[in-house]
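Chemist: Below is a structure I'd like to ask you about.
Please treat every number below as a calculation from the coordinates, not as lab data. Small disclaimer: the values here were computed from a predicted structure and weren't measured. A quick note on method: Cβ atoms are made from the backbone with ideal geometry, for glycine too, and the neighbour counts reach across all protein chains shown.
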Amino acid sequence: MTRPAPKSFHVKSFGCQMNVYDGQRMAELLEADGMVAAQDEGAADLVVLNTCHIREKAAEKVYSDIGRIVKRARAATGDVPMIAVAGCVAQAEGAEIPRRAPAVDVVVGPQAYHRLPDLVRAAGEGKRAVDTDMPAESKFDALPARRRPGPSAFLTVQEGCDKFCTYCVVPYTRGAEVSRPWGAVMDEARALVDAGAREITLIGQNVNAWTSEDGKGRPQGLDGLIRALDRLPGLARIRYTTSHPNDMTDGLIAAHGEVEKLMPFLHLPVQAGSDRILRAMNRSHSVASYLAVIDRVRASRPDIALSGDFIVGFPGEDEADFVATLDVVRAVGHAQAFSFKYSPRPGTPAATMADQVAPEVMDDRLQRLQALLNEQQAAFNAATVGRRTDILIERDGRHPGQRIGKSPWLQSVVVENDAGIGEMMTVDIVSAGPNSLGGVTPARQAA
Ligand code: 5AD
Ligand code: SF4
């Protein structure tokens, strides 16, 4: 069955920052192909669900989302939009998706989405459009130039993972660890700044394992890239995420103390506080080696805010192991963190390990861990009250005349101000809540 070519699209991204980035690139690709972005999914001829497979029953969520889109469209206009499933569920489930959900027209994996316009055309001609290849050619070379990135932009520099933590699907859905070349990254950074970005967050599943050769053929790590970006006129701030403790090189740690534009914030997942569990997770670092890295980072940049990811209820985790995780959180004093219940992922080694932890035990541990993390986050926020700092204005606040910016430590700061989006401004932090700070411009405070 042929159907008219879609004129408008809506991309909905779930999960990590890399999916946010991929979603923006898919939108740019569809625009370059002549389509226009619709306000919401109800107004779009093509809906792209950019999915996440990392935890929970993500695949099930995709199917219920598809059902909801179809039902809503039938009730509203009778015309069901073309539906494309992208991202890691697409990679993991492939052709199984249209078998289970016949309303799905296109399935495209994270390494093949540069072919999305062609797949949409093929689907319009009634052809099967499933593409979960991990092609040798880089999708990045086939993507159009960056447009309207906003003041704070993501830039993917590295994808995939070779570490094979036993709970994680990333090595399977995103493939082997690949670094984008120096020149491509620098070109994209320049394009982002030219299009209005003031802050760039370098992203990758193992971003601190990034390597390339610079224009003179010299080997470079992430610290070299950060130092080159530091010299880019118009760029005010640099961040990077997500990192592995084993890849925190001396150079990168030194950069935290030396590169002014590199923000004092580090997301460095440790996952668990017990060496026995870290071994079972195949993390290839110990609690002590992680803490030693943290000490060195702090020596280099004393005011750095530390963030992390934690998993509770990994198979075999007992109460003593869990308490060791709480001890690590206290020892480091994380300023923020993400914490999850272990979720068995099909095809990963941990899914079939003995001693899976009971759901109610996981619930209890997650609650206790999150209570501690929230307490520490509130304390960290409270400690910024009284500081004068720069914020980058990113969006309007909830009330008229309010703007929301980010502090160097990645806290949201609400100010009463008519500063433009993308402006850097100096504020005094005057109040702190659990999730945001209040700031005033120094002149106003004095008045
Ligand atoms: N179950 C729970 N959490 C997981 N993560 C990755 N895989 C799983 C899983 N199977 C978490 C890790 C990782 C973050 C992105 O998601 O903490 O750092
Ligand atoms: Fe997953 Fe471990 Fe690789 Fe992170 S380092 S992406 S948790 S396998």
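Chemist: Run the numbers for Asp318 and Glu125: contour at 0.36 nm per residue of separation, minus the present Cα-Cα distance, in nm.
Modeler: Extra length available between Asp318 and Glu125 comes to 63.9 nm.
Chemist: Quick one: Karplus J couplings for the stretch 234-247, per residue in order, coefficients 6.51, -1.76, 1.60, θ = phi - 60°, nearest Hz, x for Gly and Pro?
Modeler: Values per residue, Gly and Pro as x: x, 8, 9, 9, 10, 9, 8, 6, 10, 10, 10, x, 5, 9 Hz.
Chemist: Pick out which of Leu306, Leu232, Leu366 has the largest mean-square fluctuation in a Gaussian network model of the chain, springs linking Cα atoms closer than 10 Å.
Modeler: Top of the fluctuation ranking is Leu232.
Chemist: At a threshold of 8 angstrom on Cα-Cα distance, excluding pairs fewer than six apart, so keeping six or more, what relative contact order does the stretch 36-163 reach in percent?
Modeler: Numbers: 155 pairs, mean separation 23.9, N = 128.
Relative contact order for the stretch 36-163 comes out at 19 percent.
Chemist: Sticking with this structure for a sec: With label points built 7 Å along Cα→Cβ from the Cα atoms of Ala254 and Asp162, find their separation and express it in nm.
Modeler: 2.5 nm
Chemist: Let me ask you something else. With +1 on the Cβ of every Lys and Arg and -1 on the Cβ of every Asp and Glu, and nothing else charged, how large is the dipole of the chain about its Cα centre, in debye rounded to the nearest 20?
Modeler: For this selection, approximately 560 debye.
Chemist: Output wanted: per-residue J couplings in Hz (rounded whole) for the stretch 145-158, from phi through Karplus 6.51 cos²θ - 1.76 cosθ + 1.60, θ = phi - 60°, x for Gly and Pro.
Modeler: These are the phi-based 3J(HN,Hα) values: 5, 5, 9, 6, x, x, x, 10, 10, 8, 9, 6, 10, 8 Hz.
Chemist: Under a cut-off of 27 Å between alpha-carbon atoms, report the lysines in cross-link reach of Lys71, not counting same-chain residues fewer than 8 places apart.
Modeler: Of all the lysines, those that pass the test against Lys71 - Cα under 27 Å, at least 8 places apart if same chain - are Lys7, Lys12, Lys57, Lys61, Lys127.
Chemist: Given the Cα-Cα distance of Val385 and Ala37 and 0.36 nm per residue of separation, how much length would full extension add, in nm? Let's see the in-between values first.
Modeler: Values: separation 348, 0.36 × 348 = 125.28 nm, distance 4.09 nm.
Gain in length upon complete extension: 121.2 nm.
Chemist: Same structure again: Hey, what do the phi angles of the stretch 2-16 turn into as Karplus ³J(HN,Hα) couplings, whole Hz, using 6.51/-1.76/1.60 and θ = phi - 60°, x for Gly and Pro?
Modeler: Running phi through 6.51 cos²θ - 1.76 cosθ + 1.60 with θ = phi - 60° gives 8, 9, x, 5, x, 9, 10, 9, 9, 9, 10, 9, 10, x, 7 Hz.
Chemist: Then there's this: So how far, in whole Å, is the C-alpha centre of the stretch 1-62 from the one of the stretch 196-275?
Modeler: Cα centroid of the stretch 1-62 versus Cα centroid of the stretch 196-275: 29 Å apart.
Chemist: Thr156's amide H: which non-local residues (gap 5+, or another chain) put their own amide H closer than 5 Å, with H modeled 1.01 Å from N in plane and none for Pro or chain starts?
Modeler: So Thr156 has HN proximity to Ile203.
Chemist: Of Ala337, Ser289, Leu278, which is farthest along the charge dipole of the stretch 240-355 in the positive direction, counting Lys and Arg as +1 and Asp and Glu as -1 at C-beta?
Modeler: Sorting the options by dipole projection puts first Ala337.
Chemist: Find the relative contact order for the stretch 298-371 and round it to a whole percent, using C-alpha pairs within less than 8 Å whose residues are 6+ positions apart.
Modeler: Over the stretch 298-371, the number comes to 43 percent.
Chemist: Another question, then. What is the extension gain from Gln17 to Ala299, computed as 0.36 nm multiplied by their sequence separation minus the C-alpha to C-alpha distance, in nm to one decimal?
Modeler: Net length gain for the segment: 98.7 nm.
Chemist: In nanometres, what is the gap between the two model label sites at Arg368 and Glu96, each 7 Å from Cα along Cα-to-Cβ?
Modeler: 3.5 nm
Chemist: Which lysines, on any chain, are close to Lys406 with Cα under 23 Å apart, when same-chain ones fewer than 8 places away are left out?
Modeler: Lys261
Chemist: Send over the Kirkwood Rh of the chain, from the inverse of the averaged 1/r over different Cα pairs, rounded to one decimal Å.
Modeler: On the way: mean 1/r = 0.0427 Å⁻¹.
Taking every pair of different Cα atoms in the chain, averaging 1/r and inverting gives 23.4 Å.
Chemist: Of Pro344, Pro233, Pro400, which has the largest mean-square fluctuation in a 10 Å C-alpha GNM of the chain?
Modeler: Greatest mean-square fluctuation among the candidates belongs to Pro400.
Chemist: Using a Gaussian network model on the chain with a 10 Å cutoff between Cα atoms, which of Ala92, Ala136, Ala351 fluctuates the most?
Modeler: Its mean-square fluctuation being the largest, the pick is Ala136.
Chemist: Moving on. To the nearest 0.05, what FRET efficiency results for Lys61 and Leu143 with a Förster distance of 41 Å applied to their C-beta separation?
Modeler: Rounded to the nearest 0.05, the efficiency is 0.90.
Chemist: Moving on to the next point. Determine the calculated [θ] at 222 nm for the chain from helices alone, applying -39500 (n - 2.57) to every DSSP H run no shorter than 4 residues and normalising by the residue count; nearest 500 deg cm²/dmol.
Modeler: Mean residue ellipticity, 222 nm, calculated: -10500 deg cm²/dmol.
Chemist: Looking at the chain, send over the antiparallel percent of its DSSP beta bridges, to the nearest 5.
Modeler: In the chain, DSSP labels about 35 percent of beta bridges as antiparallel.
Chemist: Taking every DSSP beta bridge that has both residues in the stretch 347-447, what percent is antiparallel when rounded to the nearest 5? Intermediate results must be reported in sequence, preceding the final value.
Modeler: Working: 18 of 22 bridges.
If we restrict to bridges inside the stretch 347-447, about 80 percent are antiparallel.
Chemist: In whole Å, how far is the Cα centre of the stretch 77-116 from that of the stretch 278-329?
Modeler: Taking the Cα centre of each part, the stretch 77-116 and the stretch 278-329 sit 37 Å apart.
Chemist: Give the residue list of trypsin sites (Lys or Arg not before Pro) in the stretch 181-263 that are DSSP loop and have at most 15 other beta-carbon atoms within 10 angstrom.
Modeler: Taking the stretch 181-263 and a limit of 15 other Cβ atoms within 10 Å, the loop trypsin sites (Lys or Arg not before Pro) found are Lys216, Arg231.
Chemist: Hey, what did the chain get for relative contact order, percent, Cα under 8 Å, at least 6 apart?
Modeler: Values: 898 pairs, mean separation 43.9, N = 447.
Relative contact order for the chain comes out at 10 percent.
Chemist: For the stretch 156-259, with only Lys/Arg (+1) and Asp/Glu (-1) charged at the beta-carbon, what is the dipole magnitude about the Cα centre, in debye rounded to 20? Numbers along the way, then the final one.
Modeler: Working: 11 positive and 14 negative charges, 33 e Å.
Once rounded to the nearest 20, the dipole reads 160 debye.
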